[in-house]
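Here's the structure, in structure tokens; my notes come after.
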Amino acid sequence: MAAILGASWAGAKSMTATSGPGLSLMMENFGLGVMMEVPTVVVDIQRGGPSTGLPTLTAQGDVMQARWGSHGHYEIIALAPDSPQEAFDLTIRCFNLAEKYRVPVILLASETVGLSAGKVVVPPEDEIKLIDRKKPTVPPGEYLPYRPDEDLIPPMASAGEGYAICATGLTHDEKGYPETNAETQEKLVRRLNDKIRVHLEEIVDVEEEHLEDAEIAVVSYGQVSRPAKRAVKMARDEGIKAGSIKLITVWPFAEHVIRKWAKQVEWFIVPELNYGQIYLEVRREACGDSKVVPIPRMGGRLITPQEIYQEIKKVSKN
Amino acid sequence: MIREEEPQELHPMDWWLRSERLPHIWCAGCGIGPTLYAWTRALDRVGIDKKKVVYVSGIGCCGRGSGYLDVDGFHTTHGRAIPFAVGIKLVKPELCVSVISGDGDLFSIGGNHFIHAARRNVDLLVICTNNFIYGMTGGQLAATTPQRDYSTTTPYGNTEPAFNTPYLADASGAVYVARWTSIHVRLLERSIAEALGMKGFRYIEVLSPCPVNYGRRNRLREVDDIAKWFWEFSVVKHEADTKEVQIERGKPLILGNFVKKEKKLSCYEELKELEERVRAAAEAKK
Ligand SMILES: Cc1ncc(C[n+]2csc(CCOP(=O)(O)OP(=O)(O)O)c2C)c(N)n1
Ligand code: SF4
Ligand SMILES: [Mg+2]
């Protein structure tokens, strides 16, 4: 983790890949990446935990660790792919988001995605949209490495370009100099959070299906989206008004999307391979407007379309 | 910012300093300042372009150094200065990257990174200000505290043997290994300059007084008592066998440039060569 931060400061697009135990170890330097505002990508192929847990059977237990794993209050971005193709596409998007918002981005996959084989279409290079970090436009004498532009994101110089970068994990002012007092902390940490929060709708990506008249919405992410979508289709075939919300962006949470549909649907069903992590987020955003039921599984095997369908059928009768 | 012209000097090394950040946090009698003085003098002596100098540090009193010098400086996490520097070096091998950090940082929490970077012969200069203690946090036992010495966490004396860090570096494969003290500024400067002129993993241990958190508890109460100990007990023995240079209170402190050897390539350069060969072979097959 430290090495990919260094590599990014030297100007490269850098990434590393791991699973739960590695992610736990990386968390201190993940926080350094947040504090120094380093664009980089961490792939987490989730397996069952806690601890060594289930090497290497599938799970989605790291959702909250991805969100809050390092100490302090911060915002991050995490995307969840449901297939090898999406793993490819979303990794590119992870890099683009990392570069744009100057934040470490997590590709929150699971063993089922990481170890499955599938067709992957690699588009021609010139069709891939790439974003590069903003570079300083002023000469070294005038550059303040942590002075943000209007979008709250500061341009980033690389080592060796003559800007005499001063970067630290300590609370710092716009020069990058340590200033460990309440005012600087307030200003810096607010901005680190706000630079993601104010761009929430731009960052968040969801896939919505059959929601127009839906009374039941299945909220899923990552590999579980596939059985979830299948279950919705099975329900529709039975005349049940079910729809699907697939979260491509797990973090920041698609709160505006849930809030919007909470006004319409009566039920949210949240299948996931943990004891209810995104379930709690959905419940929070549904604010009592609709009822929320989890389908929690601790991992080790997938949730089947039938299991999700059964739950849809059950609530549809209530 | 990097100043383009040499300013009117306030201090001979002002050219290298972010003087707006002074005063620094270090105590009177601390060895970290003189070590940085020697490092900057050595950079001048070798004539390295200031824009190519990168200073990576970990956490601790010494870790704060990277924020005081007018070069690209990265103050990272505890023990992780070396892997951070490896990342920079992999992307921009042309940069002159030095890791300057404390003994706790480099050898307690960060020991694993040290031995593996040395084993891989990564092109880095690593300088350790060894003050035998965790200075910043109040003088706790480090992996470098001499046996029977006192620290806040060993009030009845340390029973653990200490690392002999030059031996560790040597055994792990470092191409340059030296030990000086922060009072041997000229000799230290010369040693750093020599190391800066080489490639590969280079290690210099600088014995460094911490009067506040080490001296006070170890019968070295006055601000200059540690400096006096260094002065009275040091013996310069270039090319000494690193096995024989363990630090023990009351015994001679062996200083010198112990190891200087040539190793053809760092593993990363070798990897690049290998990649080229494999690519060429694949091309030829087509
Ligand atoms: C992971 C972690 N553990 C503990 C600390 C607390 N801490 C800060 S400095 C330090 C010791 C520094 O000792 P050393 O590297 O010898 O530097 P010195 O202060 O002596 O120069 C420790 C343990 C920390 N910052 N991070
Ligand atoms: S506590 Fe020790 S190491 Fe830290 S600044 Fe003071 S003298 Fe130096
Ligand atoms: Mg120390």
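What follows draws every value from the coordinates through simple rules; no lab data is involved. In this text the structure is predicted, and so the values were computed from the model without any measurement. Here the Cβ positions follow ideal geometry from the backbone for every residue, glycine too, while neighbour counts run over all protein chains shown.
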Overall form of the range B:17-163 per C-alpha gyration tensor (a/c, 1.5; a/b vs b/c): oblate
Chain B, helix-only ellipticity at 222 nm - DSSP H runs n ≥ 4, -39,500 (n - 2.57), divided by all residues, nearest 500: -9000 deg cm²/dmol
Per-residue average of Cβ from other chains inside 10 Å of B:85-96: 6
Proportion of all alpha-carbon pairs of chain A beyond 25 Å (%): 52
Spatial separation of Cα centroids for the range B:153-191 and the range A:207-233, in angstrom: 62
Kyte-Doolittle at least 0.0, axis length at least 15 Å by Cα - qualifying DSSP helices, chain B: B:32-46, B:81-91, B:185-196
Calculated FRET value between A:Glu127 and B:His24, using beta carbons and R₀ = 41 Å, to 0.05: 0.20
Listed peptides A:228-238, A:130-140 by packing density, highest first (mean Cβ within 10 Å): A:228-238, A:130-140
Pair B:Thr152, B:Arg277: separation of 7 Å Cα→Cβ label points (nm): 5.3
Low-density loop positions, chymotrypsin sites (Phe, Trp or Tyr not before Pro), the range B:148-202 - DSSP coil, at most 15 other Cβ in 10 Å: B:Tyr156
Projected-area average for the range B:82-228 over all orientations - Cα convex hull basis, square nanometres: 8.5
Estimated D of the range A:169-250 in µm² per second, where Rh is the Kirkwood radius over Cα pairs and Stokes-Einstein applies at 25 °C, 0.890 mPa s: 156
Computed P(r) (all Cα pairs; the range A:205-316; 5 Å bins; percent): 2, 14, 27, 28, 20, 8, 1
Peptide B:51-57 - average C-beta neighbours from other chains (10 Å radius): 4
Highest-MSF residue in chain B out of B:Gly157, B:Gly87, B:Gly60 [GNM, Cα springs under 10 Å]: B:Gly87
Point-to-point label distance, B:Glu269-A:Ala182, nm (Cα→Cβ direction, 7 Å offset): 5.5
20 Å binning of all Cα-Cα separations within the protein assembly as shown, expressed as whole percents from 0 upward: 19, 44, 28, 9, 0
Whole-Hz ³J(HN,Hα) from phi, Karplus 6.51 cos²θ - 1.76 cosθ + 1.60, for the range B:146-154, glycine and proline x: x, 4, 6, 6, 10, 9, 5, 9, 10
Two-site label geometry, A:Leu280 and A:Glu208: point separation in nm, points 7 Å out along Cα→Cβ: 2.7
Relative compactness, chain B, computed as alpha-carbon Rg over 2.2 N^0.38 Å: 1.02
Under the Karplus curve 6.51 cos²θ - 1.76 cosθ + 1.60, θ = phi - 60°, whole-Hz ³J(HN,Hα) for the range A:208-214, x wherever Gly or Pro sits: 10, 9, 6, 9, 3, 10, 5
